[in-house]
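Worksheet for the structure shown next.
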Amino acid sequence: QKIMVFDQLSGVQPNIMAKSQLHLMARPVVESIPSKYHEAVRLFESSDDIKLPQSDVSISLLLPKTPLNRLYDGEASRFLVESYEQGEVTFKDQRAGYINKKWFDNPQYRIEWQQRVASKEQNFVQVISLEKNNTTPKIVEENMNYRLYKLDKTFVIEYLKPVKNIVLPDNYNINHLMVIAPYWIKENTITINQREYNLSLEQGLGYIKIVN
């Protein structure tokens, strides 16, 4: 079982580098070092396969491909918010006014991914695996028309442009395919192993189809 999260952020200013954050109750298993800005904000190298302790749950970031990875490490960083003042990066503690309640989850750890290059549209794609992975989720093909993701035995194709037909390579041995497409995809086909599959679409909701 997997949860796949697609986020597309459109910036009002082209120089802003977008971030995505994931709040956690347990400290993720990552090799990290303190950042130069704050000792409780740590940096780590890879987000390909982040494990959680005493659990089969794992997290993979597929987009952006080379993000800045930060770990907000425990109570000391729980209320920290990054701020820019006169061109300098600072982290401010925003705990003022916080009221603790026994029914709050109160996560003490935060993973933050940030784009390294600013652009008008910035994409974040995460996969949260709820059981032990046989293979790490990854992007196996990407071009101007689509991206193809491999999540263990299931493939996911994301349309990037309104092309009428997409032909997938035979060497992927695709048995299950989920199709994600914007509302403007109509009367399209996907060719898998020299067989065409017709796509239909419900406007505004995207489209998902399982190919057996």
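Going through Val140, Val127 one at a time, which residue ends up being crowded, with 18+ Cβ neighbours inside 10 Å, of a type outside the set (Gly, Ala, Ser), under 20 Å from the mean Cα position of the chain (by Cα) and modelled with pLDDT of 90 or more? Reasoning before the result, please.
Working: Val140 fails: crowded, with 18+ Cβ neighbours inside 10 Å.
So the residue among Val140, Val127 that is crowded, with 18+ Cβ neighbours inside 10 Å, of a type outside the set (Gly, Ala, Ser), under 20 Å from the mean Cα position of the chain (by Cα) and modelled with pLDDT of 90 or more is Val127.
So which residues in the stretch 83-99 are open to solvent by less than 80 Å² (accessible area, probe 1.4 Å) and either in contact with a His (Cβ under 9 Å, 6 or more places away or on another chain) or not in a strand (DSSP E or B) (or both), if there are any at all?
Gly87, Thr90, Phe91, Gly97 - these are the residues of the stretch 83-99 that are open to solvent by less than 80 Å² (accessible area, probe 1.4 Å) and either in contact with a His (Cβ under 9 Å, 6 or more places away or on another chain) or not in a strand (DSSP E or B) (or both).
Among residues belonging to the stretch 160-191 that are open to solvent by 10 Å² or more (accessible area, probe 1.4 Å) and assigned to a strand (DSSP E or B), point out the one that is farthest from Gln1 (Cα to Cα).
So the residue we want is Asn165.
Please indicate, with yes or no, whether at least one residue in the stretch 91-103 is under 28 Å from Glu142 (Cβ atoms) and touching a residue at least 40 places away in the same chain (Cβ under 8 Å). Spell out the reasoning first.
Applying the first criterion (under 28 Å from Glu142 (Cβ atoms)) to the stretch 91-103 yields none.
For the stretch 91-103, residues under 28 Å from Glu142 (Cβ atoms) and touching a residue at least 40 places away in the same chain (Cβ under 8 Å): absent.
Across the stretch 1-17, what is the total count of residues that are touching a Pro at 6+ places or on another chain (Cβ under 9 Å) and either in a loop (DSSP other than H, G, I, E, B) or basic (Lys, Arg) (or both)?
Step one: of the stretch 1-17, the residues touching a Pro at 6+ places or on another chain (Cβ under 9 Å) are 2, 4.
With the extra rule that they be either in a loop (DSSP other than H, G, I, E, B) or basic (Lys, Arg) (or both), the set shrinks to 2.
Going through the stretch 1-17 one residue at a time, the tally reaches 1.
Quick one: count up the residues across the stretch 30-63 that are part of a loop (DSSP other than H, G, I, E, B), touching a residue at least 40 places away in the same chain (Cβ under 8 Å) and open to solvent by less than 50 Å² (accessible area, probe 1.4 Å).
In the first step, residues of the stretch 30-63 are kept if they are part of a loop (DSSP other than H, G, I, E, B); the result is 30-31, 35-40, 45-49, 52-57.
Now drop any that are not touching a residue at least 40 places away in the same chain (Cβ under 8 Å), which leaves 30, 37-38, 40, 47-49, 56-57.
Those still in the list that are open to solvent by less than 50 Å² (accessible area, probe 1.4 Å) too: 30, 40, 47, 57.
Counting residues in the stretch 30-63 that are part of a loop (DSSP other than H, G, I, E, B), touching a residue at least 40 places away in the same chain (Cβ under 8 Å) and open to solvent by less than 50 Å² (accessible area, probe 1.4 Å) gives 4.
Could you tell me how many of the residues in the stretch 66-78 are at pLDDT 90 or above and not hydroxyl-bearing (Ser, Thr, Tyr)?
Going through the stretch 66-78 one residue at a time, the tally reaches 6.
Kindly indicate whether any position in the stretch 45-65 is touching a helix residue (DSSP H, G or I) at 6+ places or on another chain (Cβ under 6 Å), closer than 21 Å to Gln108 by Cβ and among the aliphatic types (A, V, I, L, M).
Step one: filter the stretch 45-65 for residues touching a helix residue (DSSP H, G or I) at 6+ places or on another chain (Cβ under 6 Å), giving none.
Checked the stretch 45-65: no residue is touching a helix residue (DSSP H, G or I) at 6+ places or on another chain (Cβ under 6 Å), closer than 21 Å to Gln108 by Cβ and among the aliphatic types (A, V, I, L, M).
Matching residues to (1) closer than 30 Å to Asn15 by Cα; (2) among the acidic types (Asp, Glu); (3) modelled with pLDDT of 90 or more:
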residue	(1), (2), (3)
Leu148	yes, no, yes
Pro162	yes, no, no
Val167	no, no, yes
Met178	no, no, no
Tyr197	no, no, no
Gln203	no, no, no
Lys209	no, no, no
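The values are calculated or read from the model by the stated rules, or taken from the named source; none is laboratory data. All values reported here derive from a predicted model rather than from experimental measurement. All Cβ positions, even for glycine, are placed from backbone atoms using ideal geometry, and neighbour counts span all protein chains on display. SASA here: full protein model, heavy atoms, side chains in, ligands and nucleic acids out. Shrake-Rupley method; radii C 1.70, N 1.55, O 1.52, S 1.80 Å.
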